[in-house]
Amino acid sequence: MRAVGYTLETAIADLVDNSITAGASHVDILFTGATDSYVAVIDNGKGMSALEAQNAMRLAGNSSRNSRETHDLGRFGLGLKTASISQCRNLTVVTKKGGQIYCYRWDLDYLASSGTWSLLHLDADEYSSLPEFDVLNELDSGTMVLWRNLDQLKATHGTLESSMDESMVAVRRHLGLVFHRYLAGEHGKPFTISINYRKIEGADPLLKKHKATQAGASDRISLPEGVIELRPYTLPHLNKLTSKDKERARIDGSLRDSQGFYIYRQMRLVIWGTWFRIAPKQELGKLARVQVDVPNSLDHLWSLDIKKAQAVPPPIIRTRLRQVADSIIAPSRNVHTYRGRAAEKSQATHLWKVIEDRDAFRYEINREHPAVAALLSNVPDGQLTALSSLLNILEGSFPVDDVYNRLGQDFSHRPTSLDNQELKALAADLWGSLKSSMSPEIFISAMRETEPFSSDQHAVIYLEKAVHNG
């Protein structure tokens, strides 16, 4: 039972699930790595009676086949026990309801010595001396889950006094992610989580708060047991993201790895950053995210595991997801591919051309670009071959691999832009080279649709002044 596969983060998240189910508006996670190390998770939920607390400590106390309230984040009735004993040998639950306090304990060392499944009942003298009991006692109602004898944490994290702080940083990040919709109040109630009295900030993996994020039309998959809702989001282009935005959107190391479906069970994130092998992860799709809301009435179809960290869509849902996958990825692809769409509609002349050849491509310098054409036409015949060779070298050495690697690491591309004086000087130079071969009207008309003038709203003024002064 201890080897189910919980990490410290997923184990504590399972306890927070119980707090939410109990109607808590706040959860305190208190810990120390000192000699008497412990982790205490305290909520201000409704608490439990003696019978309810005993049932909560019973293995599989609630069958996974039983119907649950819509806000119930439980699944098998195992989470409290398996999550806790995956990290400690001594699990104590103290609960307060109606002014009464009840306390029970699973002690693995006692179980081993007695050879029986004996749940220990603690009296007032025993539970009143527990670490952090005073925090619970000040509440009108609530529950404290206390972990002591943290043998697994010691085995995986080393000396607790030096590693607990670092371990809790990962817990803070995980809880801020999986409960971010609760922390944002999307369930209609205030909800906060604190670690040693420091509040956790909710994540924003879909960047819903960013003004440039594109929200697609929602879709519904109706089944007899409930309805699954899908809502696609396309993140802004990298050039519009701050470092903090990128950090929020990078859930699995990079934006590319973080694309895909985000599965929420009752607004609790359980799976993220996967296409379930319906579509491959690709660079052009790294801005695509899909919020998938699944009710707990469909747990049996999704094969949700005990840790609520793995789920597999059933065939009927998988088929539907496959049908919409390409249309979901398309907006992300367009953000990358068609950033210059407005310029293309105005027939802008670009310096670089993309040449496609079956499954390959290459970049060539556009010899018809006015600046390039002017240069070629004004070079003495003896130097024309050398200049053409230089252009060929530039084309052949285009650093496409380096560009791809940098974009894959979520770097933003910020091309060097010309200021007003530089654009004026360029306009004058080009007119000086081209005025013998074209009229002022043709020059202005051609250059205004040519990079870099095509992206400047004052380009026509610069070009007209160049003609007037030249």
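The values are calculated or read from the model by the stated rules, or taken from the named source; none is laboratory data. This is a predicted model, so every value here is computed, not measured. Cβ placement follows ideal geometry from the backbone for every residue including glycine, while neighbour counts extend to all protein chains displayed. Protein only, heavy atoms only, side chains kept; ligands, DNA and RNA dropped before computing areas. Shrake-Rupley method; radii C 1.70, N 1.55, O 1.52, S 1.80 Å.
Is at least one residue of the range 184-192 modelled with pLDDT of 90 or more, open to solvent by 30 Å² or more (accessible area, probe 1.4 Å), touching a Leu at 6+ places or on another chain (Cβ under 8 Å) and farther than 20 Å from GLY273 by Cβ? Yes - at least one qualifying residue is present in the range 184-192.
Considering only residues that are at pLDDT below 80 and polar (S, T, N, Q), look in the range 147-168 and name the one that is farthest from the chain's Cα centre (by Cα). My answer is THR159.
Going by the structure shown, is SER141 touching an Asp or Glu at 6+ places or on another chain (Cβ under 9 Å) and among the hydroxyl-bearing types (Ser, Thr, Tyr)? No; evaluated as a whole, the condition is false for this residue. Within the range 276-304, residues that are among the polar types (S, T, N, Q) reach partners that are part of a helix (DSSP H, G or I) and open to solvent by less than 20 Å² (accessible area, probe 1.4 Å) with beta carbons closer than 9 Å, at six or more positions or on different chains, in the pairs GLN282/ILE329. Of everything in the range 23-60, what is assigned to a loop (DSSP other than H, G, I, E, B), open to solvent by less than 30 Å² (accessible area, probe 1.4 Å) and modelled with pLDDT under 95? Give them in sequence order. Correct list: GLY33, SER37, MET57.
The residue list VAL171, VAL227, VAL178 contains one member that is open to solvent by 30 Å² or more (accessible area, probe 1.4 Å) and among the hydrophobic types (A, V, I, L, M, F, W, C), which is VAL227.
Go through (1) of a type in the set (A, V, I, L, M); (2) modelled with pLDDT under 90; (3) part of a loop (DSSP other than H, G, I, E, B) for ILE221 and report which single condition fails. Going through (1) of a type in the set (A, V, I, L, M); (2) modelled with pLDDT under 90; (3) part of a loop (DSSP other than H, G, I, E, B) one by one, ILE221 breaks only (3).
Within the range 70-186, which helices (runs of 4 or more DSSP H) (wholly inside it) include 1 or more residues that are out of contact with any strand residue (DSSP E or B) (no Cβ under 9 Å at 6 or more places or on another chain) and within 30 Å of LEU298 (Cα to Cα)?
The helices (runs of 4 or more DSSP H) meeting that bar are 79-85, 160-178.
Do we find that GLU138 is over 16 Å from PHE31 (Cα atoms), open to solvent by 10 Å² or more (accessible area, probe 1.4 Å) and either acidic (Asp, Glu) or within 32 Å of the chain's Cα centre (by Cα) (or both) in this structure? Answer is yes for this residue. If the condition is being modelled with pLDDT under 80 and closer than 13 Å to LEU434 by Cβ, then the range 445-470 contributes ALA446, GLY470.
Selection of the range 135-172 for residues being charged (D, E, K, R) and touching a residue at least 60 places away in the same chain (Cβ under 8 Å) yields ASP140, ARG148, ASP151, GLU161, ASP165.
Looking at the structure I just gave you, is TYR104 in contact (Cβ under 8 Å) with a residue 40 or more places away in the chain and either open to solvent by less than 70 Å² (accessible area, probe 1.4 Å) or over 22 Å from ASN44 (Cα atoms) (or both)? Show your work before the answer.
Details: in contact (Cβ under 8 Å) with a residue 40 or more places away in the chain: yes; either open to solvent by less than 70 Å² (accessible area, probe 1.4 Å) or over 22 Å from ASN44 (Cα atoms) (or both): yes.
Yes.
Consider the range 110-131. How many of its residues are over 17 Å from GLN54 (Cα atoms) and hydroxyl-bearing (Ser, Thr, Tyr)? So that I can check it myself, show each step before the final result.
Of all residues in the range 110-131, those over 17 Å from GLN54 (Cα atoms) come to 110, 112-115, 125-126, 128-131.
Checking which are hydroxyl-bearing (Ser, Thr, Tyr) leaves us with 110, 113-114, 128-129.
Number satisfying all stated conditions: 5.
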